[in-house]
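The values are calculated or read from the model by the stated rules, or taken from the named source; none is laboratory data. As the structure is a prediction and not an experimental result, all values here were calculated from the model. Ideal geometry is used to build each Cβ from the backbone, glycine not excepted, and the neighbour counts take in all protein chains shown.
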Amino acid sequence: MNRQVTRREFVQSGAVLVSSAIPTRALAQAPTIIVPSGVKPVVISSANGNVYKNVGTQTCVEKAFAMMTGGSDVLDALIAGVNVLELDPAETSVGYGALPNADGTVQLDASVMHGPRRRAGAVAALEGVRTPSSVAKLVADLTDHHLLVGKGAQDFARMMGFTIEADLNTEKSRAQWLEWKRRTDPLHYLDPQKRGQAWYDAGLQMAREGLIDLEHYWGTINCNGINTKGEICGVTTTSGLAWKIPGRVGDSPIFGAGLYVDGMVGAAGSTGRGEANLYHLCSFFIVEEMRRGVHPKDAAIAALKRVAQNTTEKRLLNSKGRPNFGLNFYALNAKGEFASAAMYQASYAVCTENGPETRNAEALFDGRPTD
């Protein structure tokens with residue numbers, strides 16, 4: 001006796017036929033999720049991320065790694081890490097006590113990107129707030145915007161409960177600014193044929209004399225991390241170029257330049273000459289290279305080669321015809337693989353299950369920028 005087949009029985013029998021028709025080998029080759037499970041967690045940053053502790057017990061990468069592996073949101077952990085530097089007056093390229101602009105005012109930039117939530121926020125030319133990275137996160141979380149600048153950024157920070165200070169200079173940063181002021185044109189605007197040369201030489205001469213650390217001349221911190229769930233985030237924070245023209249903004253708060261995160265692919269960020277990076281949007285380029293399967297190290301080197309090839313102004317070239325500036329990249333992918341590459345020899349910080357370390361970056365060129 002024939003029995004009518006129900007809809008449920010028909011669907012179930014069809015599923016069995018389809019699955020039995022697919023070879024086991026084909027199933028094994030089917031696409032898998034991009035973010036793997038059980039990724040080994042890692043935090044990578046510029047070298048200053050494993051130096052300063054702000055009278056505490058942990059450096060940036062150490063604190064971020066501990067919080068991240070302890071269950072904190074990855075971005076919250078990274079921001080807590082860079083806050084260590086932002087609050088430390090000894091770190092004169094980030095936050096409180098950073099080297100000011102040409103008028104002696106500390107203006108800060110920062111950006112954050114949250115891979116899993118696909119959120120981003122940034123601030124630029126922010127005055128009076130020691131922790132711009134924390135303000136940038138609130139821009140991402142509490143507004144429909146990505147970037148707030150100048151007085152608008154400061155007003156937003158005030159409304160969010162941040163203390164607005166009249167001056168973020170310390171005795172050290174102000175003394176260094178006064179020394180620079182003594183050496184150069186106070187108006188800061190020069191003949192087009194000498195564009196940028198006077199302040200550039202004065203600052204480098206101060207570095208040669210040991211008055212400032214060259215790393216702090218273009219100083220910044222980029223910090224990226226991935227947890228065991230494969231969740232990726234990043235943050236970059238800086239006071240920008242020392243003695244910059246007031247209002248100058250470099251690459252740090254610009255997505256795709258000073259920081260870029262794709263939660264399914266990886267993260268990349270930079271320190272060094274912001275203008276060179278802005279012209280090429282290198283962080284975006286590095287992540288796109290990793291999307292194609294390129295290892296973080298090779299992706300970063302490719303970005304450096306592009307910058308070097310397109311640096312043609314004589315004032316930006318050394319005696320060998322190479323860039324006379326530093327530019328460093330820090331990258332990690334969704335597998336937890338990471339690397340740092342630099343125009344010239346440099347170091348970077350990383351923290352894994354083995355603890356915090358300072359390692360040598362992969363250098364594109366031998367020697368120094370000024371050779």
Quiz item: In segment 212-239, which residues are at pLDDT 95 or above and within 20 Å of ALA342 (Cα to Cα)?
Solution: ILE221, ASN222, CYS223, ASN224, GLY225, GLY234, VAL235, THR236, THR237, THR238
Quiz prompt | segment 295-323, residues that are closer than 18 Å to ASP251 by Cβ and either among the hydrophobic types (A, V, I, L, M, F, W, C) or surrounded by 17 or more Cβ atoms within 10 Å (Cβ to Cβ) (or both) | solution = ALA299, ALA300, ALA302, ALA303, LEU304, VAL307, ALA308, THR311, LEU316, PRO323
Quiz item: What about MET206, is it of a type in the set (A, V, I, L, M) and modelled with pLDDT under 95?
Solution: yes
Quiz item: So is SER134 without any contact (Cβ under 8 Å) to a residue 60 or more places away in the chain and under 19 Å from PRO89 (Cα atoms) or not?
Solution: yes
Exercise. Check whether at least one residue in segment 72-88 is surrounded by fewer than 24 Cβ atoms within 10 Å (Cβ to Cβ), in a loop (DSSP other than H, G, I, E, B), over 17 Å from the mean Cα position of the chain (by Cα) and modelled with pLDDT under 95, and report yes or no.
Key: no
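For residues in segment 55-71 being surrounded by fewer than 20 Cβ atoms within 10 Å (Cβ to Cβ) and without any contact (Cβ under 8 Å) to a residue 40 or more places away in the chain, which is nearest to GLU353 (Cα to Cα)?
Our first condition is that a residue be surrounded by fewer than 20 Cβ atoms within 10 Å (Cβ to Cβ); within segment 55-71, this holds for 55-58, 66, 69-71.
Narrowing the set further to residues that are without any contact (Cβ under 8 Å) to a residue 40 or more places away in the chain leaves 55-58, 66, 70-71.
Working: VAL55: 24, GLY56: 21, THR57: 18, GLN58: 15, ALA66: 10, GLY70: 12, GLY71: 15 Å.
So the residue we want is ALA66.
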Quiz item: Does segment 262-277 hold any residues that are within 10 Å of the chain's Cα centre (by Cα) and over 10 Å from SER111 (Cβ atoms), and which are they?
Solution: ALA267, ALA268, SER270, THR271
Quiz prompt | Which numbered condition ALA98 fails, given (1) within 12 Å of ASN169 (Cα to Cα); (2) hydrophobic (A, V, I, L, M, F, W, C); (3) not in a loop (DSSP other than H, G, I, E, B) | solution = (3)
Quiz item: Just a yes or no: is a residue in segment 288-303 touching a residue at least 12 places away in the same chain (Cβ under 8 Å), touching an Asp or Glu at 6+ places or on another chain (Cβ under 7 Å) and within 15 Å of PHE325 (Cβ to Cβ)?
Solution: no
Quiz item: Which one of these is over 13 Å from the mean Cα position of the chain (by Cα) and within 22 Å of GLY240 (Cα to Cα): PRO253, PRO356, PRO369?
Solution: PRO369
Quiz item: Taking segment 250-286 only, how many residues are in contact with a Gly (Cβ under 7 Å, 6 or more places away or on another chain), surrounded by fewer than 24 Cβ atoms within 10 Å (Cβ to Cβ) and among the β-branched types (Val, Ile, Thr)?
Solution: 0
Quiz item: Since ASP76 meets every condition but one in (1) within 21 Å of VAL139 (Cα to Cα); (2) in contact with a Ser or Thr (Cβ under 7 Å, 6 or more places away or on another chain), which condition does it not meet?
Solution: (2)
Quiz prompt | Subset of segment 122-145 that is touching a Lys or Arg at 6+ places or on another chain (Cβ under 9 Å) and among the acidic types (Asp, Glu) - its residue that is nearest to ASP251 (Cα to Cα) | solution = GLU127
